[in-house]
Structures are given as structure tokens and as C-alpha cells.
Ligand SMILES: [Zn+2]
């Protein structure tokens, strides 16, 4: 990875990309699909995560999807964590007739 790519990645992911995490120090660069699999170092294949979430992804079966501003963090059981409010909370009042 070039110094230019690193700076661009730091600008895109100022904090851990996991919604609600917000850690901004000592971030680690993760290859989304595993570098051995893709051999790609394009920015779209990389994301910055904190050591804790990096470990969850690497060893505990968690994963993430999306991109800048719309990251989704997915639990091993398929539960999705996003920055957006759950749909039930967005809807209000009774269903229209
Ligand atoms: Zn994190």
C-alpha cells in the first residue's frame, strides 16, 4: 500500500468503521475479504477498525459491509448493526387504513 493510499484511507475512515464504535486511535487496516483471497489493495477493499473489532472480525465470525457513511456490522448470527435507527423506531403511529 502506498503512502498516498494510506492517507486517503485515514481521511475516509477517521474512526473505526463499526457503527457506534468511534475509536480513533491505534486503528488497524483490515483487508475486507482477506488479502490472501483478493491480493487487492484498493481502498474499496480496505477499512480501518480498532483492535477489538479487528479481532472480532478475524476470529469470531463478525463482518462488515457497506462503505463510508453507511457501514453495517454483522454478527455471527446475522444480526446487523447500523448507524440508522431500527425500522420499528422510525415508523410511528398506527398503520394507515
Ligand atoms: Zn471498533
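Look at residue 2 and say whether it is more than 10 Å from the ligand (Cβ to nearest atom) and at negative phi. Walk me through how you get there before you give the answer.
Details: more than 10 Å from the ligand (Cβ to nearest atom): yes; at negative phi: yes.
In short, yes.
Would you check which residues across region 65-80 are modelled with pLDDT of 90 or more and farther than 14 Å from residue 32 by Cα and list them?
Answer for region 65-80, where residues must be modelled with pLDDT of 90 or more and farther than 14 Å from residue 32 by Cα: 75, 76, 77, 78, 79, 80.
Contact list please: Cβ distance under 7 Å, first residue in region 13-37 and farther than 13 Å from residue 71 by Cβ and more than 12 Å from the ligand (Cβ to nearest atom), second residue at pLDDT 95 or above and not in a helix (DSSP H, G or I), pairs at least six apart or on different chains.
So the pair list comes out as 29/48.
Taking residue 62 and the conditions (1) in contact with a strand residue (DSSP E or B) (Cβ under 7 Å, 6 or more places away or on another chain); (2) at pLDDT 95 or above; (3) near the ligand (Cβ under 10 Å from one of its atoms), which numbered condition does it fall short on, given that it satisfies the others?
So the condition that residue 62 fails would be (3).
Mind checking which residues of region 3-19 are within 26 Å of residue 81 (Cβ to Cβ) and loosely packed, with under 11 Cβ neighbours inside 10 Å? Full working, then the answer.
As a first pass, look at region 3-19 and keep what is within 26 Å of residue 81 (Cβ to Cβ): 8-19.
The one that is within 26 Å of residue 81 (Cβ to Cβ) and loosely packed, with under 11 Cβ neighbours inside 10 Å: 11.
Would you point out the residue of region 38-50, among those that are at pLDDT 80 or above and exposed (fewer than 13 other Cβ atoms within 10 Å of the Cβ), that is farthest from the ligand (Cβ to nearest atom)? First the steps, then the outcome.
First, pick out the residues of region 38-50 that are at pLDDT 80 or above: 42-50.
Next, only the ones that are exposed (fewer than 13 other Cβ atoms within 10 Å of the Cβ) stay: 42, 44.
Working: 42: 22, 44: 20 Å.
Among those residues, the one meeting the criterion is 42.
Which members of region 22-33 meet the condition of being part of a loop (DSSP other than H, G, I, E, B), within 12 Å of residue 51 (Cβ to Cβ) and in contact with a strand residue (DSSP E or B) (Cβ under 8 Å, 6 or more places away or on another chain)? Can you show your working first?
Restricting attention to region 22-33, the residues satisfying the condition of being part of a loop (DSSP other than H, G, I, E, B) are 22-27, 32-33.
From what's left, within 12 Å of residue 51 (Cβ to Cβ): 23, 25-27.
Passing the criteria: only 27.
May I ask you to verify whether residue 83 is within 13 Å of the chain's Cα centre (by Cα), within 14 Å of the ligand (Cβ to nearest atom) and at pLDDT below 85? It would help to see each step written out before you state the result.
On the way: within 13 Å of the chain's Cα centre (by Cα): yes; within 14 Å of the ligand (Cβ to nearest atom): yes; at pLDDT below 85: yes.
Criteria met by residue 83.
The values are calculated or read from the model by the stated rules, or taken from the named source; none is laboratory data. Keep in mind the model is a prediction, meaning the values are calculated, not measured. Ideal geometry is used to build each Cβ from the backbone, glycine not excepted, and the neighbour counts take in all protein chains shown.
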